[in-house]
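Undergrad: The structure that follows is given in the form of structure tokens.
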Amino acid sequence: MKKRRETNQLDLFAQRQGTIPPVEPSSVASSGPSPEPSAAEGVPLRPIGEWPTDHLLDALNLHLYAEPPDDPPLVASIVELGERGEPRAVPLLIRTCRRFAGFDARQPAAEVAAALDALAKIGPASAAVPLIDLIRRGLFSPASTVAALDCFGKLRCRQGADLIPAGLGHEAPIVRQAACALAASLHRREDTKLLEPLLSDLDRGVAKSARLALGALGYKPAREPLEELLDRATPIDIPLVAQALIAVADDDTPVKLARAAERCDEEGRCAIVAALGAMETPNAVAQLIRLSRDGRPVVRLAVIEALGRHEDDRIVPALGALTRDSDAEVIEAAEAALKSFDASPEW
């Protein structure tokens, strides 16, 4: 390691040598005065959140361009800089991606995963543009490509759309799935013709991703495949399917969603209620009123919010019934919603 210039400050990146054992009085008498502890011995490891941002940047530089320090660790430094939204870290994060991409063909290297996650938090969208060249040059493994495409989606990086056609035709199913998700995130309706053949992809995960993407893009022929997916979807997947059905729903879709709610947990039911609130079909109101009798107060609160997005003569009586709910929070929300409808107290 290169020697640092001598200063009056401790070396923040010096290797820790361990705790100095207490000196027994007898040893002091026999061996003379104890030597002064070195700077490395005098600097304890600090929680990553206590490191100044400039020192974290210095540490990241050392990890990438010199002999890495023991403290703070590389991945922890990247994660913390991402949490702080530090824009000066962006070039170093790109450098991290270049250095560690492709180390693992199944899972992205931990360093790459942390760097891409930090990029997505820091932004702006232009921060991810250098990744395009890395992918085109084949420097990313399929797993790292997936993580990069996800970063483009989170940042709404429009330049990343150029990677969608190649991604949809990639030999690795996980990359085809990620390309479907990116097309949906960037609202790329011009890619529907490329997505449509993937509805019958031999890989079930790809076929599901294509259905979700085409539904989000408002591609009407995707409704039936999505409703078929809804019938066999797990409780974890149902909220995703419900969201995808909003733009392609017909009059029967709300009924199918309400039936699916019966096998959902609380979170899934609230997701279905939110989807019904966003659907422009009269049957959505009927199913919301049905779900207003759900046994979970959180679901009933979600119904009140969803009903507020519709205009229908049945809404005021339904809200009036909820003002007599057993839950005080539901009652308060229903009364507030009624005021927005300028309703008389004749419910």
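Undergrad: State whether the residues of segment 88-102 include one that is in a loop (DSSP other than H, G, I, E, B), out of contact with any helix residue (DSSP H, G or I) (no Cβ under 7 Å at 6 or more places or on another chain) and not basic (Lys, Arg).
TA: The answer is no; no qualifying residue exists.
Undergrad: Given the criteria at pLDDT below 95, crowded, with 18+ Cβ neighbours inside 10 Å, of a type in the set (Gly, Ala, Ser) and within 16 Å of the chain's Cα centre (by Cα), does Ala143 qualify?
TA: When the stated conditions are applied, Ala143 does not pass them.
Undergrad: Follow-up question, since we're still on this one. Please enumerate the residues belonging to segment 156-174 that are more than 20 Å from Glu190 (Cβ to Cβ) and buried (at least 21 other Cβ atoms within 10 Å of the Cβ).
TA: Passing the criteria: none in range.
Undergrad: Out of Leu240, Leu214, Leu195, which single residue is surrounded by 14 or more Cβ atoms within 10 Å (Cβ to Cβ), outside the structural domain of Val146 (by TED's automatic domain parsing), over 21 Å from the mean Cα position of the chain (by Cα) and in a helix (DSSP H, G or I)?
TA: Leu195
Undergrad: With (1) closer than 19 Å to Val255 by Cα; (2) not in a loop (DSSP other than H, G, I, E, B) as the list, and Asp312 as the residue in question, which single condition is left unmet?
TA: The single condition Asp312 does not satisfy is (2).
Undergrad: Taking into account only those residues within segment 69-80 that are over 27 Å from the mean Cα position of the chain (by Cα) and crowded, with 16+ Cβ neighbours inside 10 Å, which is nearest to Phe100 (Cα to Cα)?
TA: Ranking the candidates gives Pro69 first.
Undergrad: So if I check each of Leu212, Leu230, which one is at pLDDT 95 or above and not β-branched (Val, Ile, Thr)?
TA: Leu212
The values are calculated or read from the model by the stated rules, or taken from the named source; none is laboratory data. None of the values given here were measured: they were computed from a predicted structure. Counting neighbours? That spans all protein chains shown, and the Cβs are built from the backbone with ideal geometry, glycine included.
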